[in-house]
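The values are calculated or read from the model by the stated rules, or taken from the named source; none is laboratory data. Quick caveat, the model's predicted, so the values are computed rather than measured. Here Cβ is always computed from backbone atoms with ideal geometry, including for glycine, and neighbour counts include all displayed protein chains.
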Amino acid sequence: MKPIIIIRNLKKSYGSNHVLDGFNMELNEGENLVIMGKSGSGKSVMIKCLIGLEDADSGSIEVMGKDILKLEQEEMDDLRTEIGFLFQGSALYDSMSVRENLEFPLRRHTKKFGIIEDTTPLVTEALRNVGLEHAIDLMPNELSGGMKRRIALARTLILQPKIILYDEPTTGLDPITSKEIIMLMKSVQEKYKTSSVIITHDVDCARVISNRMILLVDGINYAEGTFEELASSTDPKVKAFFK
Amino acid sequence: MNTVLKISESFQSFLSEIGDLSYFSGRFFKEAFKRPFEFKEFIRQCYQMGNRSLLLVAVTGFIIGLVFTLQSRPTLQEFGAVSWMPSMVSISIIREIGPIITALICAGRIGSGIGAELGSMRVTEQIDAMEVSGTNPFKFLVVTRILATICMLPVLVIIGDGIALYGSYLVENLKGNVSFQLYFNQVFEALEFGDLLPATIKSFFFGFAIGLVGCYKGYNCKKGTAGVGLAANSAVVYTSMLLFIIDFIAVFVTDIFYDL
């Protein structure tokens, strides 16, 4: 399998706090890579560096053959259409309806999609994928936490990305909704053949969805392997995650 | 020693804030003339800002016209100069009171609204979501809002001035039996192009200041939900201060032109 993301020796500090201290990662095409770590271990910072929301201090981040640290803004924006990002809090635009939330990225990427006169079929299709076709005219404040997460996933999918980054997709959800979201992520991956980086604390999520896992401790890859390999590790720091 | 250190730190942070605001304003000019233009959002913002502030501006303008005339009348009567009332009121309102009062109201209404809205979008990662979807959030959120305040403030000032003059006319009509036609004839006789133009130009700058500071505070909002309140609050405080500085400069420059 060909790597679609390669991160080498990534470093990021805030003052004297070294959040990432030489992090390395490779994501292969069609793979689901789960990254686990304690709060404050640098998972979210890493994923934000990966999408260009945070500037890395040093190291290299190569996405689909392009070093994102050297890209111009316009090139970065074009590349971002190939990367979906599901935020922990869903981040739906609360002044827009569900339809407008989904149309928003679609109307602004004429380079990729051309000028779309009628976006309804695409919006409906994206909503059907997450089972919320009926919510098309609702406002975000009328949606439950689980629904918001699904709509956010639909908004991510509408740009047909090759890579999806999930930032704690099940945090704050009840166990049943969490399971639904995990199954949805799995079905999306199977249907669209996307590659995913999933940041989570949720062991069930990691078990179901991961092809490979990285444990991030103190800003470095502490351990790496499949779920079964890590779950059966005797290292106390690794075991602590699976208790 | 501690006090000196604190003063020096505050001064440093003040200068750094001025620098950031200047950079933010430079970015606005850079982005405002670059394609694609978010025309639909600009119109929506114009409507929102105009519509949301119109009633407040109208009521305040009306009351200012009434009060100003009521307060000035006894003094003018003492000097037998009541007939100068329309001229005095119109010049005061058009040149100074109308623009500055409308701008202060809009700083409270629009500036704080922008600060809170963008601040809340920042802390709930909506701005980040726009950025990762490959859209320029600065262009969509900031440029449209600043342009809308620049365009709408002069309109609101003109409406506010008109309503204030009508309020003044009502007092004159009730107390001095002055007709509508006579009152406004005197108003337009007293007013010159040189009164209207600086006031209108000044209003564009007021609009720019309101939009710029509101957007700057909201867009750079930190510290979670508490930061949203702080962004809204400081947007009003900084804008009000900036409005008086702009007003002073505008009056100073206008005065030079009058002397010429």
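Out of B:ILE100, B:ILE91, B:ILE127, which single residue is within 14 Å of chain A (Cβ to nearest Cβ) and among the aliphatic types (A, V, I, L, M)?
The conditions single out B:ILE127.
If you take the residues of the range A:55-87 that are assigned to a helix (DSSP H, G or I), farther than 22 Å from A:ILE198 by Cα and more than 10 Å from chain B (Cβ to nearest Cβ), which of them is farthest from the chain's Cα centre (by Cα)?
A:LYS70
May I ask you to list the residues in the range B:33-71 that are aromatic (Phe, Trp, Tyr) and under 21 Å from B:TYR166 (Cα atoms)?
B:PHE62, B:PHE68, listed by residue number.
Please go through the range B:31-71 and give me each residue that is closer than 30 Å to B:SER83 by Cβ and β-branched (Val, Ile, Thr), ordered by number.
B:VAL57, B:VAL59, B:THR60, B:ILE63, B:ILE64, B:VAL67, B:THR69
Report yes if some residue within the range A:88-98 is over 20 Å from A:ILE163 (Cα atoms), within 13 Å of chain B (Cβ to nearest Cβ) and under 20 Å from the mean Cα position of the chain (by Cα); otherwise report no.
The answer is yes, given that some residue of the range A:88-98 is over 20 Å from A:ILE163 (Cα atoms), within 13 Å of chain B (Cβ to nearest Cβ) and under 20 Å from the mean Cα position of the chain (by Cα).
Hey, can you tell me all the residues within the range A:161-220 that are of a type in the set (Ser, Thr, Tyr) and either within 25 Å of A:GLY40 (Cβ to Cβ) or in contact with a strand residue (DSSP E or B) (Cβ under 9 Å, 6 or more places away or on another chain) (or both)?
A:TYR166, A:THR170, A:THR171, A:SER178, A:TYR192, A:THR194, A:SER195, A:SER196, A:THR200, A:SER210
Would you mind finding the one in A:ILE35, A:ILE51, A:ILE47, A:ILE83 that is in contact (Cβ under 8 Å) with a residue 24 or more places away in the chain, over 21 Å from B:GLN126 (Cβ atoms) and buried (at least 16 other Cβ atoms within 10 Å of the Cβ)?
Being in contact (Cβ under 8 Å) with a residue 24 or more places away in the chain, over 21 Å from B:GLN126 (Cβ atoms) and buried (at least 16 other Cβ atoms within 10 Å of the Cβ) holds for just one of A:ILE35, A:ILE51, A:ILE47, A:ILE83, which is A:ILE35.
Kindly indicate which of A:LEU157, A:LEU165 is among the aliphatic types (A, V, I, L, M), under 17 Å from A:PHE104 (Cβ atoms), touching a residue at least 60 places away in the same chain (Cβ under 8 Å) and within 14 Å of chain B (Cβ to nearest Cβ).
A:LEU157 is the lone residue from the list that is among the aliphatic types (A, V, I, L, M), under 17 Å from A:PHE104 (Cβ atoms), touching a residue at least 60 places away in the same chain (Cβ under 8 Å) and within 14 Å of chain B (Cβ to nearest Cβ).
Among B:VAL187, B:VAL171, B:VAL178, which is the only one that is away from chain A (no Cβ under 14 Å), outside any helix (DSSP H, G or I) and either surrounded by 18 or more Cβ atoms within 10 Å (Cβ to Cβ) or at pLDDT below 90 (or both)? Break it down into steps so the answer makes sense when it comes.
Details: B:VAL187 fails: outside any helix (DSSP H, G or I); B:VAL171 fails: outside any helix (DSSP H, G or I).
From the options B:VAL187, B:VAL171, B:VAL178, the qualifying one is B:VAL178.
Determine whether the range B:140-152 contains at least one residue that is within 14 Å of another protein chain (Cβ to nearest Cβ) and surrounded by fewer than 22 Cβ atoms within 10 Å (Cβ to Cβ).
yes
State whether the residues of the range A:115-138 include one that is within 11 Å of chain B (Cβ to nearest Cβ) and either of a type in the set (Ser, Thr, Tyr) or assigned to a loop (DSSP other than H, G, I, E, B) (or both).
No, the range A:115-138 contains no residue that is within 11 Å of chain B (Cβ to nearest Cβ) and either of a type in the set (Ser, Thr, Tyr) or assigned to a loop (DSSP other than H, G, I, E, B) (or both).
Checking the condition over 23 Å from B:THR135 (Cα atoms), among the hydrophobic types (A, V, I, L, M, F, W, C) and either buried (at least 20 other Cβ atoms within 10 Å of the Cβ) or outside the structural domain of A:ASN28 (by TED's automatic domain parsing) (or both), which residue from A:LEU165, A:LEU153, A:LEU230, A:LEU157 passes?
Among A:LEU165, A:LEU153, A:LEU230, A:LEU157, only A:LEU230 is over 23 Å from B:THR135 (Cα atoms), among the hydrophobic types (A, V, I, L, M, F, W, C) and either buried (at least 20 other Cβ atoms within 10 Å of the Cβ) or outside the structural domain of A:ASN28 (by TED's automatic domain parsing) (or both).
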